[in-house]
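To keep things clear, I will list the structure first and then write my remarks on it.
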Amino acid sequence: MNDTQGIRVSKLLAERGLCSRREADAYIERGLVFVDGKRVTELGTRAAPDAVITLAAEARANQAKQATVLLHKPIGFVSGQAEDGHQAAMSLILAKTQAAGETQRFQPSLLRGMAPAGRLDIESTGLLVLTQDGRVARQLIGDDSRVEKEYLVRVDGSLDLRGLALLNHGLELDGRKLRPAKVAWANPDQLRFVLTEGRKRQIRRMCELVGLRVTGLKRVRIGRVRLGELPLGQWRFLREAERF
């Protein structure tokens, strides 16, 4: 197929969840990608949308080594790069902060290429995923991601039925409508939010639009993975049987 037809192989690999676009380019350069049984080595190569694309054993073995960890982020840490004097959540991924009872132990190589898969603002606590695996990152924060994120949100102010209905569906931020959410009272002063998107400070801004002030926010679940009993400020590896 010529250069003007088809879809880039790197894009197809990412769309099929085989690896990230960045990883796909690296694998192509190393000759570790096959399209309909033929090795591909040139970046920008295109293929038919229904082409059979596979990764060489070396690439699959490399992916198997890529780690994903779950951190119970405390307030005062930023999800991404350190800024304004605040430490990055990554700085908590240390041997001494690993949760007790795990068989796989911390190694310095764990930090190589690791990045947060999503945001949790500096004033919020709870589950933060950090990963070396582009497939996990795309699943959680890709443009087409629909993975649920669940939060417990402590609020001040009064909320009537209309306001609760708006939180579930009907609000917009920055001129764009929000996806439908699931919002209900968890107890008299805490709301449970389940979202499938992660706009900047979304829950706090949603609450402001209906006259509420957030006084506490904790993420307790991403997809099928729960924060559970993971202690504040500690982390653990994503278990082999766990899937988002």
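At a glance:
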item: Helices (runs of 4 or more DSSP H) within the stretch 125-222 that include 3 or more residues of a type outside the set (S, T, Y), free of Cβ contacts under 8 Å to residues at least 60 places away in the same chain and exposed (fewer than 14 other Cβ atoms within 10 Å of the Cβ); result: 161-168
item: Criterion: surrounded by fewer than 19 Cβ atoms within 10 Å (Cβ to Cβ), assigned to a loop (DSSP other than H, G, I, E, B), modelled with pLDDT under 95 and outside the structural domain of R16 (by TED's automatic domain parsing) - qualifying residue of G80, G44; result: G80
item: Near pairs, Cβ below 8 angstrom, 6+ apart or cross-chain, from the stretch 1-21 (modelled with pLDDT under 80 and exposed (fewer than 15 other Cβ atoms within 10 Å of the Cβ)) to any residue that is among the small types (G, A, S) and part of a loop (DSSP other than H, G, I, E, B); result: M1/A48; D3/G44
item: Matching entry among R105, R60, R119 (being in a helix (DSSP H, G or I) and within 23 Å of the chain's Cα centre (by Cα)); result: R60
item: Options K200, K182; residue that is of a type in the set (K, R), over 25 Å from T103 (Cβ atoms) and over 15 Å from the mean Cα position of the chain (by Cα); result: K182
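The values are calculated or read from the model by the stated rules, or taken from the named source; none is laboratory data. Predicted, not measured: the structure shown is a model, and the values here were computed from it. Ideal geometry is used to build each Cβ from the backbone, glycine not excepted, and the neighbour counts take in all protein chains shown.
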